[in-house]
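Read the structure below first, then the notes.
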Number of protein chains: 2
Amino acid sequence: MASFPSLQNDLLLRTARGETTNRTPVWMMRQAGRYLPEYRAVRETHDFFEVVETPDLAAEVTIQPVERLPVDAAILFCDIMVVPEAMGLEVKMVSGQGPTFPQPLTTPDEMERLVEPDIDDALGHVFEALTVTRKRLNGRVPLIGFAGAPWTLMAYMVEGGGSKSYRAARKWLYRHPEASKALLQRTTDVIVDYLIGQVEAGAQMLQVFDSWAGLHGPETFRTFCLPYLAEIAERVHAAHPEVPLVVFAKEAHFALDALAATDYDVISLDWTMAPDAAREVVGDRAVLQGNLDPCALYAPPDALRREVQHMLAGFGPHHHIANLGHGMLPDHDPEHARVFVEAVHEHSEHMRTV
Amino acid sequence: MASFPSLQNDLLLRTARGETTNRTPVWMMRQAGRYLPEYRAVRETHDFFEVVETPDLAAEVTIQPVERLPVDAAILFCDIMVVPEAMGLEVKMVSGQGPTFPQPLTTPDEMERLVEPDIDDALGHVFEALTVTRKRLNGRVPLIGFAGAPWTLMAYMVEGGGSKSYRAARKWLYRHPEASKALLQRTTDVIVDYLIGQVEAGAQMLQVFDSWAGLHGPETFRTFCLPYLAEIAERVHAAHPEVPLVVFAKEAHFALDALAATDYDVISLDWTMAPDAAREVVGDRAVLQGNLDPCALYAPPDALRREVQHMLAGFGPHHHIANLGHGMLPDHDPEHARVFVEAVHEHSEHMRTV
């Protein structure tokens, strides 16, 4: 491992490990992205995957929100599709549609097209981006790495791109349950190596995004999501017990109790979960992260501050990492992001004095 | 009110009213539709809104699943967009996108474009379709009418069409809360008249579809969905206490307790809700409807039967109307729909003997 500048703001990591702190750490999913004019300036001359694949550019856009806003973490600018790409599926960014696989896995036979990647060969650019970013951050805030969860990646690999219902992928689960498990296991193995590589390159916390977990009912989640999510946490923690792991199973409201029984340190909540209800289920088994409705950032500043206070009160002062319930949106006003972050700082300090 | 042939199969209505029966009634959301070759044959020569607006055609496709499958109800073939259309917004069916408003309500000022409709003028074709259908059903099964919920209609009216996140509509809620409430109230008033008119035309049960309820968190649901849903049930029941009312707030897992406190007789669940957990929250305050994952109909028949048995066991033998957790999908095999319906019949009778 490289040696890095020492960390000056360790609020996030201490909270993720279950310690109490003098205020609530805050960052935003997709805090590096299109809502920032300085990001759009970079994208004027570089396309999306060029930014992802060029460590200097990835580091630049990763650090942009840290330069502008008093966030307590940076999260690497990258895309969950780099894993299916490393497994041999071509990915294209289609304007207005997001990442797209021109040749998805329409039948289990087509799994023959997948390769077992050499992680450093296939994903070395991500590792290099982490190392460059960590150095340039110079200890200001910790650096978060991430990966898509096996089911979410499978959903894209089978469907070919974004979809409202991921019907093709869900049909696979019911028609080809054993092939689905084989695909999920192969993806899990790559994700584990990828996340371990991220830690060795400089990531100080890792988040697993199961963005489409909410397409499941409790039963199919238990069969096709939970075992792979749990295995990822166990194997990554076995290699790096010191690195906090976060799981974000979006809309899987039914899964909280099961996730709390896994090896993740932090459970990230979307905005449909009431913080106090989540706390009641999870207890002290995990720190909670989230969960302001991203659309609340459209509200006028005073109303937004009230929303933040209400959210913080729901979680209570400790064992909470403030975040949105999903990512920043392209038409968000960066000044409203500032209101969000500063309101978390101010109100969470205030909560500790009363 | 017209006089109609007497009802031979009253399982659905008796169950919806809280009576116990000798088997569980079953129907499927979107049971009249593209998965049926006889429906596609009608659509070869008639476009979607032509079928909706022509009582003879609407009756024909409504009765198609009743002719083919042993379902315990018919649901009128119609579209929730007829209400915004009656309120003055032009609706077009765009192939591959669904119903679309060429001129959505981009700002509150544009609410001036809305009209207060004369219900019989604007929606008389729906009432006539119900009357024709009820007569042609000849008492075989009860006829269900429906409407979209205020928030779901507002989401379309503001967004202009289908969307993954309904960001424009959700932005309205945070930016223009008072105008949002005014729009929701105006829509509520039309829906109430529309549903009362449906009963007078022959509908024997009514379902309110809040398809986008799950885009809310618990707080915005309480502000922008619940009061209007509750008002609809109260006002329709005041006019027709004998007609069971069903509410389907899709993905609003957090709303079960609040919905159980309203005047709806039946709460319909999507497939992400565990039946036993829902029963625990709702108790005997409402009958439950649902909730097989529509994608389970892609499974081979034996696996599908096991899924049905598992679902029925979760709900228990009584106070349950079997259904899917969402609508039938265009590539479903009608023979798998038959397996679903017959498995409900057989297994629910069996459950009462053990």
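The values are calculated or read from the model by the stated rules, or taken from the named source; none is laboratory data. The structure presented is a predicted model; accordingly, all values stated were derived computationally and were not measured. Note that each Cβ is placed from the backbone with ideal geometry, even for glycine, and that neighbours are counted across all protein chains shown.
Considering only the stretch A:195-205, I want to know if a residue exists there that is among the charged types (D, E, K, R), within 24 Å of A:Glu110 (Cβ to Cβ) and touching a residue at least 40 places away in the same chain (Cβ under 8 Å). Within the stretch A:195-205, none of the residues are among the charged types (D, E, K, R), within 24 Å of A:Glu110 (Cβ to Cβ) and touching a residue at least 40 places away in the same chain (Cβ under 8 Å). Scanning the stretch A:309-342 for residues that are over 17 Å from A:Asp276 (Cβ atoms) and in contact with a Leu (Cβ under 7 Å, 6 or more places away or on another chain) yields A:Leu324, A:His332, A:Pro334, A:His336, A:Ala337, A:Arg338, A:Val339, A:Phe340, A:Val341. Looking across the stretch A:1-38, the residues that are outside any loop (DSSP other than H, G, I, E, B) and either closer than 23 Å to A:Ile196 by Cβ or under 19 Å from the mean Cα position of the chain (by Cα) (or both) come down to A:Leu11, A:Leu12, A:Leu13, A:Arg14, A:Thr15, A:Ala16, A:Val26. If the condition is being within 9 Å of chain B (Cβ to nearest Cβ) and either part of a helix (DSSP H, G or I) or in contact with a His (Cβ under 6 Å, 6 or more places away or on another chain) (or both), then the stretch A:200-221 contributes A:Gly214, A:Leu215, A:Pro218, A:Glu219, A:Thr220, A:Phe221.
This table checks each residue for (1) under 30 Å from A:Tyr194 (Cα atoms); (2) crowded, with 19+ Cβ neighbours inside 10 Å; (3) facing another protein chain (nearest Cβ under 10 Å); (4) at pLDDT below 95.
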position	(1), (2), (3), (4)
A:His240	yes, no, no, no
A:Thr262	yes, yes, no, no
A:Gln309	no, no, no, no
A:Gly314	no, yes, yes, no
A:Asp333	no, no, no, no
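If you go through the stretch B:222-256 and keep only what is part of a loop (DSSP other than H, G, I, E, B) and either in contact with a Leu (Cβ under 6 Å, 6 or more places away or on another chain) or not small (Gly, Ala, Ser) (or both), you end up with B:Cys225, B:His240, B:Pro241, B:Glu242, B:Val243, B:Pro244, B:Lys250, B:Glu251.
The set of residues in the stretch A:3-49 being exposed (fewer than 14 other Cβ atoms within 10 Å of the Cβ) and closer than 28 Å to A:Pro84 by Cβ consists of A:Arg40, A:Glu44, A:Thr45, A:Asp47. Here's a check for you: in the stretch A:316-331, which residue that is of a type in the set (Gly, Ala, Ser) and either in contact with an Asp or Glu (Cβ under 7 Å, 6 or more places away or on another chain) or within 12 Å of chain B (Cβ to nearest Cβ) (or both) is surrounded by the most Cβ atoms within 10 Å (Cβ to Cβ)? If we take residues in the stretch A:316-331 being of a type in the set (Gly, Ala, Ser) and either in contact with an Asp or Glu (Cβ under 7 Å, 6 or more places away or on another chain) or within 12 Å of chain B (Cβ to nearest Cβ) (or both), then A:Gly325 is surrounded by the most Cβ atoms within 10 Å (Cβ to Cβ). Residue count for the stretch B:82-109, restricted to those that are touching a residue at least 60 places away in the same chain (Cβ under 8 Å), assigned to a loop (DSSP other than H, G, I, E, B), within 21 Å of B:Val52 (Cα to Cα) and in contact with a helix residue (DSSP H, G or I) (Cβ under 7 Å, 6 or more places away or on another chain): 3.
Among the conditions (1) modelled with pLDDT of 95 or more; (2) surrounded by fewer than 18 Cβ atoms within 10 Å (Cβ to Cβ), A:Arg352 misses just one, which is (1).
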